[in-house]
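Structure first, then comments.
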Amino acid sequence: MGVINLKQLLESQTLQRAPFPVPVGWYFIDYSENLKPGEMRNINVFDQEWVLFRSESGEKVGVTDPYCPHLGAHIGHGGKVCGDNVRCPFHHWEYDTQGWCKSIPYAKVMPPITKKAPILRTLPTVEKYGMIWSWYHPLCEAPTWELPYIPELEDKTGYAGNRRGSWTANTCIQEIAENGVDVAHLKFLHNAPMIPPVEATYDGAKMVLNIGKGYIVGHTYAGGLNVMRFTQTDPVSGKAITATMISYSVPLTHDKTQMNMSFRHVDFPAGSPELAFTKKQIDHMIGAAEGEESAGFESVDFIVWNNKRYRPNPLLCDGDGPIFPFRKWFSQFYVNADLSKL
Ligand code: FES
Ligand SMILES: [Fe+2]
């Protein structure tokens, strides 16, 4: 019997499921079509409640803190969209999508601060890919990078596919993103025929993954956007065909994540063997496609994510993927926001 190593044996008692704050970045809020002109509703993301609204013209979208800077009423309970602004129910102060106070109907003189700065916290918000995106930074710092061009979602022609889905995982985004570099689990959890080689490169908020020498090429932008292109040769046509999985997860809380995904492919003619092949590629990504052993994320990853704990000091072996470089890259998205010093 070897020497007992209590630190090794008892460490799991100190582990948390997700010992991280919400990471900085751009996050999916909803599909644009789900928010009509003049609509307002309360949403829960980033560990708190927010008020989401669209201007009456339809052109502007705002995500605001719910509590009115006047006397603290919750704008999303009884409030209303008025033109480009959202109006608090209590005394009808109005705020635009940037958080500026635009009207106090009974004030002869607006409080001076309202001329100088926004008084209500809002999140920088854009619409892209037919979706609403907000930038989360715990100390309200401005975006440091832009959402990339994604041809599969933005080009008017050339691509098709309307499959999309949402799943909730009881873990943080970092744990989900770590799957990409954890190539050993592809064989043992997903039943891939081998552990594929992986190369990861890092450039600011972006990580590029090449798994299986071009079989999967992934572009990851912080925690909120991940574009994975799967390229395989169709045995019938002999052509290399690429299908794309775009995932856009949003932290509901620091330890609960909503995963959202769209699946797109080249717009092959109806009835063509290429279309049949690429549809099978997409079935494969989501769960085991008919007649094959390998299992996509839906059927197996959640079993692990929903129940694991984060090990800050994992015991890795030589066959593991580049877990530590990934974690170092991801750590740039955590900001220690100590509000007691404001
Ligand atoms: S509390 Fe919102 S207007 Fe007074
Ligand atoms: Fe996985």
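With springs only between Cα atoms under 10 Å apart, run a GNM on the chain and tell me which of GLY78, GLY212, GLY223 wobbles the most.
GLY78
Please report, in debye to the nearest 20, how large the charge dipole of the chain is about its Cα centre when each Lys and Arg carries +1 at its beta carbon and each Asp and Glu carries -1 there.
840 debye
DSSP loop trypsin sites (Lys or Arg not before Pro) in region 149-231 with at most 13 other Cβ atoms within 10 Å of their Cβ, which ones?
LYS156, LYS213
Using 0.36 nm times the number of residues separating VAL208 and MET194, minus their current alpha carbon distance, what extension gain do you get?
Working it through step by step, the gained length comes to 2.9 nm.
Using the charge dipole of the chain (Lys, Arg: +1 at Cβ; Asp, Glu: -1 at Cβ; taken about the Cα centre), state which of VAL81, TRP305, GLN174 has its Cα farthest towards the positive end.
Selected residue: VAL81.
Given an 8 Å cut-off on Cα distances and at least 6 residues of separation, report the relative contact order of the chain as a percent.
Working: 661 pairs, mean separation 63.2, N = 342.
Across the chain, relative contact order equals 18 percent.
Report the full-extension gain for the segment SER237 to ARG163: residue separation times 0.36 nm, less the Cα-Cα distance, to one decimal in nm.
Extra length from SER237 to ARG163 when fully extended: 24.2 nm.
Pairs of lysine in region 25-136 with Cα under 24 Å and at least 8 positions apart or on different chains: total?
Lysine pairs, 8 or more places apart or on different chains, close enough: 15.
How long is the gain from GLN13 to GLU49 if the chain were fully straight, where each residue apart is worth 0.36 nm and the alpha carbon distance is subtracted? Provide the component values of the computation, followed by the final result.
Numbers: separation 36, 0.36 × 36 = 12.96 nm, distance 3.17 nm.
Length gained, GLN13 through GLU49: 9.8 nm.
State which stretch of the chain is the longest one without any exposed chymotrypsin sites (Phe, Trp or Tyr not before Pro), exposure meaning a DSSP loop state and at most 11 other Cβ atoms within 10 Å.
Working: sites that count: TYR106, TYR149.
My reading of the result: 150-342 is the longest stretch.
Which parts of region 1-38 would a label at ASP338 reach, counting a residue when its backbone N lies under 18 Å from a point 7 Å out along Cα-to-Cβ?
20-22
Going toward the positive end of the dipole of the chain, with +1 on Lys and Arg Cβ and -1 on Asp and Glu Cβ, which of LEU189, GLY99, PRO314 do you reach last?
Farthest towards the positive end: GLY99.
How big is the charge dipole of region 25-136 about its Cα centre, in debye rounded to the nearest 20, if each Lys and Arg gets +1 on its Cβ and each Asp and Glu gets -1 on its Cβ? Could you put the intermediate results ahead of the total?
Values: 12 positive and 12 negative charges, 88 e Å.
Around 420 debye, computed over region 25-136.
Given a Förster radius of 35 Å and the C-beta distance between GLU274 and GLU127 as r, what FRET efficiency does 1/(1 + (r/R0)^6) yield to the nearest 0.05?
E(calc), rounded to 0.05, equals 0.65.
Just to be sure I understand the model, the point goes 7 Å from the Cα along the line to the Cβ. What's the resulting ASP155 to TYR31 distance in nm?
2.2 nm
Using only alpha carbon pairs under 8 Å that are at least six residues apart, calculate the relative contact order of region 25-136 and give it in whole percent.
Values: 247 pairs, mean separation 30.7, N = 112.
Here the relative contact order equals 27 percent.
For the chain, with a Gaussian network of springs between Cα atoms less than 10 Å apart, report the residue from GLY224, GLY25, GLY161 with the top mean-square fluctuation.
Maximum among the listed residues: GLY161.
Just to verify a number: FRET efficiency for LEU139 and THR253, C-beta to C-beta distance, R0 = 22 Å, to 0.05?
Working: r = 19 Å, r/R0 = 0.85.
Here the calculated transfer efficiency is 0.75.
All of the numbers you see were taken from the coordinates with simple rules; none came from a lab. These numbers come from a predicted model, not from an experiment. Quick reminder, even Gly has a Cβ in these numbers, built from the backbone with ideal geometry, and neighbours come from all protein chains shown.
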